[in-house]
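Reviewing the structure listed below.
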Amino acid sequence: MSTTATLPVQTTSLTQGGLARRNAKLAEMLTYGLMRLVTYLMVFAVGYIVFDIVANGLPAINWEFVSQFPRRSGAQGGILPAIVGTISLVTLAIGVALPLGVASAVYLNEYAKQGRFTDMLRLAIVTLAGVPSIVFGLFGLALFVLVLGFGASILAGGLTLACMILPTIIVASEESLKTIPKSFREGSLALGATRWQTIFKNVLPYAMPGILTGTVLSIGRAAGETAPILLTVAAFFLPVLPGSVFDQVMALPYHLYVLATQHPEAAAVRPMQYGTALLLLLIVLGMSLLAIVFRNYFRGKYRW
Amino acid sequence: MWRKPATSPSDKPNPLLQSSGMGRAAFRDAVISALLKIAGSTSILVVLLIFFFIAKEAAPFLMGSQAKTLLNLRWLPVSFENESYGLLPLLNGSLLVTAIATLITVPLSVCTAVYLSEVSNDWEKNFLKPFIELLAGIPSVVIGFFGLVVLSPLIKSVFGLPSGMNALTGGLLLALMAAPTIISISEDALRSVPASFKSASLALGASHLETVWKVTVPAALPGITAAVMLGIGRVVGETMTVLMVIGNAPILTASPLESVRTMTATIAAEMGEVPFGSEHYHALFCVGVVLLLATFCLNLVARFILKKYRMVGSV
């Protein structure tokens, strides 16, 4: 008898507990569903921008577009000088920043005694990473263009961009050096090699993939920046190829800005704008993709 | 203790060990070490040069007769008689756009970071995160162009405005641009919360949701705060996107639907037209000083938080 009396009581308490648990489960599912929605919204926003540029830019890109000089202040013809300008700027910037950046990273990670000086150095690096791009432009204008007398030129713009990408290269190179096991260094040192021989022959080669990844990413960043070159190099409309590093050039990002906002028939040259935007996007995203491929390729290659 | 034998024939220098090759290698090592130190100091040099040159070019204005107009309510650098270099409208513009961007991006980005770090499945982790980080690589001029051609007309028609060039359009785009920074660093912070915290919470009977919101997120809060500050730093310094979409009217307003002008856009738009060495030129460097100091402080505090709580994020 007593068992039959207690049973219903037990079942009710069970259902109540079950109900509470089910509510909690429901709340969890709802919250996570909402969060998933937000995440996909972000992804959608990125996807939409890329899609819009690609869909509208693709019809504008053809051989004439990338191989011809612009005509009628950019309304017709191609964007060859802007492409050449961007390539020369990026080459100079990487040429200066890469050796300096790798050397800094080697110094920080392999040579320096960690102390006040390295603390200062690290502070300088994060400060540099946080300086707004337009302030780099002001700096380049004041130092390279005016004081050093380079004028608005590839040299001034390239050096400004080099200062800007320096922290990215240092941080990427240092991260990469940090992943090389200590035993690689110890083994070489124990065999009587000097510190430099050890680093050059037994550490740097294995750190190369990481350094390359960082470099490739900064190529993308340097190619896409507008504000620094706005004040130091970029020419509004200059349909000739540069002859030396002291020449002004057109550059892709600045060309896009000019076509989109300063051109008298801005709406009519929309295809040219989209074409330039797509080309820029392709360069930058292509570099990011290359960086990812590098990383995955070498990650599989070396294991320790 | 190891002691040298008192006398030994091998006391005189061994020609093999003292070969000139060893000496040269050691010498080369010392030279390279010095060179590396010099190269390593470049960053410090560049930072010092930046501060020096921005301050040097701003100084003539601060010493000059127009310095007091910095506190005026109008930014009117080109005028026949009454030039006025009031920073207030520019600060207003920068603050308004930054506030809009922050209000939009912080809840969305933190939510995304928590989702990616705590809830998502492997597939989402491997594909969605790189995809969102892709956004960090899109040049700001391309985002500005998208804003100009697509978003701005949309805002115009949604709100029934005469023009879609306003603080809201700029704020929305900047919200998107700050997202990768905030998401990526917040996620690092969330991941650095020890697993034992979560296990303890789950063992006490807390649900997964309760564990996430009451244990993991609070534990990662310093890192998330730093992430938000670094994101805001990016928004404050962003130039091309705002220049292209906010309309650039230097007025005092709190309305997101008004056209405003930020400090960055002012420099970018006007520097090309001023004569070097003029009052206007030096005034623009004053704007640069404000901008540099603001982003410098934001970065410094954020790095301090990250370091203190050992939540190291990438630059």
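For the reader, a short list of remarks on this structure follows.
- Ranked for footprinting exposure by Cβ neighbours inside 10 Å, fewest first, A:TYR107, A:TYR206, A:TYR40 give A:TYR40, A:TYR206, A:TYR107.
- Separation of alpha-carbon centers, region A:165-233 and region B:40-114, rounded to whole Å: 34 Å
- The Cα center of region B:220-293 and the Cα center of region A:100-116 differ in position by 34 Å.
- Overall shape: oblate for chain B, with the ratio a/c of the largest to smallest alpha carbon gyration tensor axis at 1.5 or above and b/c at least equal to a/b.
- The convex hull of the Cα atoms of the protein assembly as shown, projected and averaged over all directions, covers 43.0 nm².
- Distances between every pair of Cα atoms in region B:254-315, grouped in 5 Å steps from 0 to the bin holding the largest one, split as 4, 14, 17, 13, 13, 13, 12, 8, 4, 1 percent.
- Inverse of mean 1/r across different Cα pairs in region B:115-273, Kirkwood, Å: 17.8 Å
- DSSP-loop chymotrypsin sites (Phe, Trp or Tyr not before Pro) across region B:18-90, with at most 11 other Cβ within 10 angstrom: B:PHE80
- Springs join every pair of Cα atoms under 10 Å in this Gaussian network model of chain A, and among A:GLY115, A:GLY18, A:GLY214 the largest mean-square fluctuation is at A:GLY18.
- Positive-pole candidate from A:VAL50, A:MET120, A:LEU241, dipole of the protein assembly as shown, charges at beta carbon: A:MET120
- Surrounding net charge for A:LEU146, when Lys and Arg each add one and Asp and Glu each subtract one, Cβ distance under 15 Å: 0
- Overall form of region A:105-169 per C-alpha gyration tensor (a/c, 1.5; a/b vs b/c): prolate
- All other residues whose Cβ lies under 14 angstrom from that of A:PRO70 are scored, Lys and Arg at +1 and Asp and Glu at -1, for a net of 0.
- Screening chain B for whole DSSP H helices with an alpha carbon extent of at least 24 angstrom along the helix axis and a mean Kyte-Doolittle hydropathy of at least 1.6 yields B:42-63, B:88-114.
- Across all directions, the average projected area of the convex hull around the alpha carbons of region A:114-245 is 10.6 nm².
- Three semi-axes of the equivalent ellipsoid, region B:103-148, Cα gyration tensor, whole Å, largest first: 24, 14, 6
- Dipole magnitude for region A:63-162: about 120 debye, using +1 per Lys or Arg Cβ and -1 per Asp or Glu Cβ, origin at the Cα centre.
- Global form of region A:215-304, assessed from the alpha-carbon gyration tensor, a/c cut-off 1.5: prolate
- Under a Gaussian network description of chain B, with springs only between Cα atoms under 10 Å, the residue in B:GLY171, B:GLY23, B:GLY233 that fluctuates furthest is B:GLY23.
- Stokes-Einstein D (µm²/s) once Rh is taken as the Kirkwood radius of region A:63-301 over alpha-carbon pairs, at 10 °C in 1.306 mPa s: 82 µm²/s
- Taking every DSSP helix (H) stretch of at least 4 residues in chain A, weighting each as -39,500 (n - 2.57) and dividing the sum by the residue count yields a mean residue ellipticity at 222 nm of -24000 deg cm²/dmol.
- Those aspartates and glutamates that a straight Cα-Cα span of less than 17 Å connects to A:LYS113, excepting residues fewer than 8 apart in one chain: A:GLU174, B:ASP29
- Number of partner chain Cβ atoms within 10 Å, mean per residue of A:137-150: 5
- Those GluC sites (Glu not before Pro) in region B:241-287 that DSSP places in a loop and that have at most 12 other beta carbons within 10 Å: B:GLU273
- Normalised contact order of chain B, rounded percent, pairs of Cα under 8 Å and 6 or more residues apart: 23 percent
- Counting neighbouring Cβ atoms within 10 Å and putting the fewest first, the residues B:LEU148, B:LEU95 line up as B:LEU95, B:LEU148.
- Exposure proxy ranking, count of Cβ atoms within 10 Å, fewest first, for A:VAL102, B:VAL217: B:VAL217, A:VAL102
- Taking the Cα centre of region A:63-301 as origin and assigning +1 to Lys and Arg Cβ atoms and -1 to Asp and Glu Cβ atoms, the resulting dipole is close to 640 debye.
- Between region B:127-142 and region A:36-65, the alpha-carbon center distance in angstrom: 11 Å
- Each helix, a run of at least 4 DSSP H residues, gives -39500 (n - 2.57); summed and divided by the residues of chain B, these come to -21500 deg cm²/dmol at 222 nm.
- Among the listed pairs A:LYS201/B:LYS125; A:LYS178/A:LYS301; A:LYS301/B:LYS129; A:LYS301/B:LYS307; A:LYS182/B:LYS129, those beyond 28 Å (Cα-Cα): A:LYS201/B:LYS125; A:LYS301/B:LYS307; A:LYS182/B:LYS129
- Pairs of alpha carbons in region A:233-285 separated by more than 12 Å make up 65% of all such pairs.
Each reported figure results from applying straightforward, stated rules to the coordinates on display, with no laboratory input. The shown structure was predicted, so the numbers you read here are calculated from the model rather than taken from an experiment. All Cβ positions, even for glycine, are placed from backbone atoms using ideal geometry, and neighbour counts span all protein chains on display.
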